[in-house]
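What follows is one structure encoded as structure tokens, with my remarks underneath.
A short reminder: the numbers here are calculations on the coordinates, not readings from a lab. Keep in mind it's a predicted model, so treat the numbers as computed, not measured. Counting neighbours? That spans all protein chains shown, and the Cβs are built from the backbone with ideal geometry, glycine included.
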């Protein structure tokens with residue numbers, strides 16, 4: 001994937017397939033620490049320990065109608081290429097939290113991309129799901145929340 005907005009779209013679609021009704025996406029730039037952090041949290045079905053450990057393995061999928069899955073593995077690769085890491089926290093019935101960190105100034109860090117277009121696709125295509133997007137940069141905070149703007 002070319003940019004982080006496409007990773008966000010892919011991971012959020014995984015959340016929707018897992019039955020999430022609320023997805024929270026946070027992107028934080030910390031220039032003082034030279035870090036870019038992406039976190040995607042959902043209230044979906046969650047994963048058992050074996051599935052969670054396998055989720056970032058290339059070609060692993062829990063989707064019954066698919067034979068391969070690359071989204072989480074590609075996100076993990078993107079983090080590693082930019083001296084970052086990927087963490088997955090999940091439990092059955094407890095939703096999932098995926099956290100990806102990147103060294104902000106790394107030349108191989110993926111660009112942010114068109115986050116607005118990804119959010120627009122998610123919101124328009126999933127009217128039964130609430131989305132919250134936060135972008136932090138220094139002291140600035142931008143928030144889009146479908147519950148606040150009446151998108152449902």
Stretched fully, the stretch from residue 112 through residue 26 gains (0.36 nm per residue minus C-alpha distance, one decimal, in nm) 29.7 nm
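Using the number of other C-beta atoms within 10 angstrom as an exposure proxy, rank 76, 39 with the fewest first.
Ranked by crowding around the Cβ, least crowded first: 39, 76.
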Protection proxy (average C-beta count within 10 Å per residue), highest first, orders 1-14, 40-53, 112-125 as 1-14, 40-53, 112-125
The FRET efficiency for residue 87 and residue 136, from their Cβ-Cβ distance with R0 = 22 Å and rounded to 0.05, is 0.75
Everything considered on the Cα gyration tensor (a ≥ b ≥ c; rounded for a/c under 1.5, else prolate if a/b is larger than b/c, else oblate), segment 4-126 must be described as prolate
Taking a ≥ b ≥ c as the square roots of the eigenvalues of the Cα gyration tensor, with a/c under 1.5 meaning rounded and otherwise prolate when a/b exceeds b/c and oblate if not, segment 85-144 is oblate
Dividing the mean separation of Cα pairs under 8 Å (6+ apart) by the residue count of segment 1-51 yields a relative contact order in percent of 35 percent
